[in-house]
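Please read the structure below before turning to the comments.
The values are calculated or read from the model by the stated rules, or taken from the named source; none is laboratory data. Only a predicted model underlies this, so the values are computations on that prediction, with no experimental measurement involved. Please note: Cβ atoms are built from the backbone with ideal geometry, for glycine as well, and neighbour counts cover all protein chains shown. Heavy atoms of the whole protein, side chains included, go into the accessibility calculation; ligands, DNA and RNA do not. Shrake-Rupley method; radii C 1.70, N 1.55, O 1.52, S 1.80 Å.
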Amino acid sequence: IEQTMAALKGDMALLSKTHIGVFSVILGRFGSVVFETLVRLGLIGVLMFFFGGYPTHWASLWFIPFLLVAFLSSLGIGLLLSIFNAIAADVEKIVSVVLRFGVFFSAVFFPMPDDGLTGEMTYLNPIHTFVDGLRTLLVKGYLPDWQVMAWTAGSGIILFLVSIVMFYRAELHLRATG
């Protein structure tokens, strides 16, 4: 999300001097993030095989389409935020802080409690939905809460489609303001 959001602002000088498409600049940054993620997933696969923790259930294959949905959701959020970041410089700083807290409350570092204020914050965190859901799906072969994953994935796809339309409509204005 951060790389996609910062791509437009970081490459404004290039965009003002050339006829490269604005969307291609963002896709270039996003593509590098996707490539790094896939390399890391390959390493995780090797480690899982080496230590015997590989998936044993056919339902683990649902990991692939849900990972694609997570990629598209983050691209959509990044596209939308790149428009706002081109207009107001503080958007990048605010989003950076929000994402840091979002990752902290996503069960990446430690299991999150199910009750209390922290449990409610975890339940409303889309990062947690993807992190915990994808991890559990890959390793154990089931989704911990399929309704929440369905809502998060559906909302992410809708946000992606809305972001594509908004970015397409704002592309000429974004190039002109650079």
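Only one of the numbered conditions (1) within 18 Å of the chain's Cα centre (by Cα); (2) at pLDDT 85 or above; (3) over 16 Å from SER82 (Cα atoms) is not met by GLN147, and that is (1). Here segment 13-40 is the region considered, the condition is being aliphatic (A, V, I, L, M) and exposed (fewer than 13 other Cβ atoms within 10 Å of the Cβ), and the residue that is modelled with the highest pLDDT is VAL39. Taking segment 97-178 and the helices (runs of 4 or more DSSP H) fully enclosed by it, the elements with 3 or more residues that are of a type in the set (A, V, I, L, M, F, W, C) and surrounded by 18 or more Cβ atoms within 10 Å (Cβ to Cβ) are at 126-140, 146-177. Looking across segment 44-67, the residues that are open to solvent by 60 Å² or more (accessible area, probe 1.4 Å) and in a loop (DSSP other than H, G, I, E, B) come down to TYR54, THR56, HIS57.
Answer with yes or no whether LEU134 is under 15 Å from the mean Cα position of the chain (by Cα), of a type outside the set (S, T, N, Q) and under 30 Å from HIS19 (Cα atoms). Judged against the criteria, LEU134 is not a match. The single condition from (1) closer than 21 Å to LEU138 by Cβ; (2) modelled with pLDDT of 85 or more; (3) in contact with a Lys or Arg (Cβ under 9 Å, 6 or more places away or on another chain) that LEU67 fails is (3).
Of the set (1) within 15 Å of the chain's Cα centre (by Cα); (2) more than 28 Å from GLN147 (Cα to Cα); (3) without any contact (Cβ under 8 Å) to a residue 12 or more places away in the chain, all apply to ARG29 but (3).
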